[in-house]
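Quick notes on the structure that follows.
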Amino acid sequence: MNASLATMKLTHFTRTYGEMTYAEVVKLAKETEETLSHLPATDVAFEYFAKCVRAYWQYAELLAIVGERSDIDHLYQKHYLCGWDSIVSGKQKKTKFTEELEFYIPRYNRSQYEQQRVMCEAIGKRFNTYVTPDLVEFMEL
């Protein structure tokens, strides 16, 4: 996400949740996650707290992007063994890649597809290629 889009989104989050520092938002997100972990899924407040957790982690990420912070509290660090094929254009030659990679995934990405999409973007930037989640095999280490 570029800084200008992050600034626009941050304005919305500031209006909605109030102005907070990065440390305050991370602390609030962790406390809300703790509360959410003790609620049964049938509780009426479960959905509300789940939305709050996601929003707080997004808020923290936006603060990190706009403030150009090196903090990574809003990210998961995960190790994967990844395998994918790459077709060299014009030659129809397939090259198989298998790499052990470390990814930093935003905590608000809850679905497996969202996480894999972020990992594919990282693979694309690192290896100067284009891959999608259906082309890459991921094995968590």
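The values are calculated or read from the model by the stated rules, or taken from the named source; none is laboratory data. Values in this document were obtained by computation on a predicted structure and should not be read as measured data. Neighbour counts are summed over all protein chains in view; Cβ atoms, including those assigned to glycine, are modelled from backbone coordinates with ideal geometry.
Is there a residue being among the polar types (S, T, N, Q), modelled with pLDDT under 85, surrounded by 12 or more Cβ atoms within 10 Å (Cβ to Cβ) and in contact with a helix residue (DSSP H, G or I) (Cβ under 9 Å, 6 or more places away or on another chain) anywhere in the range 72-86?
Looking for residues that are among the polar types (S, T, N, Q), modelled with pLDDT under 85, surrounded by 12 or more Cβ atoms within 10 Å (Cβ to Cβ) and in contact with a helix residue (DSSP H, G or I) (Cβ under 9 Å, 6 or more places away or on another chain), one finds at least one in the range 72-86, hence yes.
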Just give me the residues in the range 111-125 being in contact (Cβ under 8 Å) with a residue 12 or more places away in the chain and charged (D, E, K, R), in sequence order. 117
State which residue is surrounded by the most Cβ atoms within 10 Å (Cβ to Cβ) when the search covers only the range 1-58 and only residues that are closer than 15 Å to residue 69 by Cα and modelled with pLDDT under 90. 6
Exception for residue 22 within (1) hydroxyl-bearing (Ser, Thr, Tyr); (2) in contact with a Gly (Cβ under 8 Å, 6 or more places away or on another chain); (3) farther than 20 Å from residue 104 by Cβ falls at (3)
Name every residue in the range 11-44 that is within 18 Å of the chain's Cα centre (by Cα) and in contact (Cβ under 8 Å) with a residue 40 or more places away in the chain, in order of residue number. 13, 22, 26, 29
